[in-house]
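The structure under discussion appears below in the form of structure tokens.
The values are calculated or read from the model by the stated rules, or taken from the named source; none is laboratory data. Predicted model only: the values in this text are computed from it and were never measured. No Cβ is skipped: glycine too gets one built from the backbone with ideal geometry, and neighbour counts run over all protein chains shown. These area figures cover heavy atoms from the full protein model, side chains too; ligands, DNA and RNA do not enter into them. Shrake-Rupley method; radii C 1.70, N 1.55, O 1.52, S 1.80 Å.
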Amino acid sequence: MMKSSKSTSIRKAQVPVSCYFCKGQEVKWKCDDCNVRMCNTCKDIVHQGLLSTQDHDVISIQDISKSTPGTHEVTSGVISSVFNSYTTTLPAVHTLLSLDDDLLIFNYSGKTSEKHQVMKGKLLKSSIKIFKTLKKSIFDMAINQDGEILFRDFTNNKIEMLSPAGEIKSVLDTSPMMALAVHINKDNEVIVGMREQGPPFPVQDFSVRQVIIFGSDYQRKVTLEFDKRGINCSVT
């Protein structure tokens, strides 16, 4: 039975846009400077909790809808075409970092002895030319404004930094917590997801899950964590 285009349009319009920070609450605000949409809680605690965003222009989604005739919801961009594609023999590519001059840093899984290694390569017309391979078991990584790559090694609780010259040094020790995701925002702040040691599931009463924001000097600025009632608390 053929479905009408009208029902398809309705379904697409009903897809909710989640908060950029918590991913789970209704969007109420948009920051024009950051170009992110957020819920009430994340606007007050996460976004406004950073010194770098105090002067940003935050607008109500309701006001945006009123100022744009016929607009009743916030929509996200959709990639309509693919510029190029590349096929590799790697079982899984986890993280891609884009550098200048079509250079890529990517984290991949191979054999057991090659778990989550990192490669540096250049995009060619139909292939990727590999320049360097870093033989480290890396969980996640990000790149800062100086071209330095921050990563979390599987073998320890440290955030390490790989310089453009190839030197590696530790910049953060998250012990006794275990670092997970690593992100660097446009203000060069380092955002790290953390949890307690041991199995991640099931979540217990003593489980600790945090998002910590560090400055570009790697000094802790903000700690975000849910309390036992599920309320998001901010500790500076």
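Evaluation of residue 78 against the conditions (1) at pLDDT below 70; (2) surrounded by 15 or more Cβ atoms within 10 Å (Cβ to Cβ) shows that the sole unmet condition is (2).
Identify the residue in the range 128-144 that is open to solvent by 50 Å² or more (accessible area, probe 1.4 Å) and not aliphatic (A, V, I, L, M) and, among all such residues, is nearest to the chain's Cα centre (by Cα). Only one residue fits best here, namely 139. Candidates are the residues of the range 30-55 that are assigned to a loop (DSSP other than H, G, I, E, B) and either at pLDDT 85 or above or more than 22 Å from residue 220 (Cβ to Cβ) (or both); the one that is most open to solvent (accessible area, probe 1.4 Å) is 55. For the range 81-112, the set of residues classified as at pLDDT 75 or above, assigned to a loop (DSSP other than H, G, I, E, B) and under 22 Å from the mean Cα position of the chain (by Cα) consists of 99, 102, listed by residue number. Among the strands (runs of 3 or more DSSP E) confined to the range 113-153, the ones with at least 1 residues that are hydroxyl-bearing (Ser, Thr, Tyr) are located at 128-134. When the range 167-197 is limited to residues that are assigned to a loop (DSSP other than H, G, I, E, B) and of a type in the set (S, T, N, Q), the one that is nearest to the chain's Cα centre (by Cα) turns out to be 185. Residues that are modelled with pLDDT of 80 or more and of a type in the set (Lys, Arg) were ranked within the range 1-29; the one that is least open to solvent (accessible area, probe 1.4 Å) is 28. For a quick check of your reading of the model, give me the residue pairs whose first member lies in the range 190-209 and is over 30 Å from residue 143 (Cβ atoms), whose second is in a loop (DSSP other than H, G, I, E, B), with beta-carbon atoms closer than 7 Å and at least 6 apart or on different chains. Note: pairs meeting the criteria are 207/196. Of all residues in the range 162-170, at least one satisfies being of a type in the set (A, V, I, L, M) and surrounded by 18 or more Cβ atoms within 10 Å (Cβ to Cβ). Screening residue 66 against (1) at pLDDT below 85; (2) open to solvent by 90 Å² or more (accessible area, probe 1.4 Å); (3) outside any helix (DSSP H, G or I) leaves a single unmet condition, (3).
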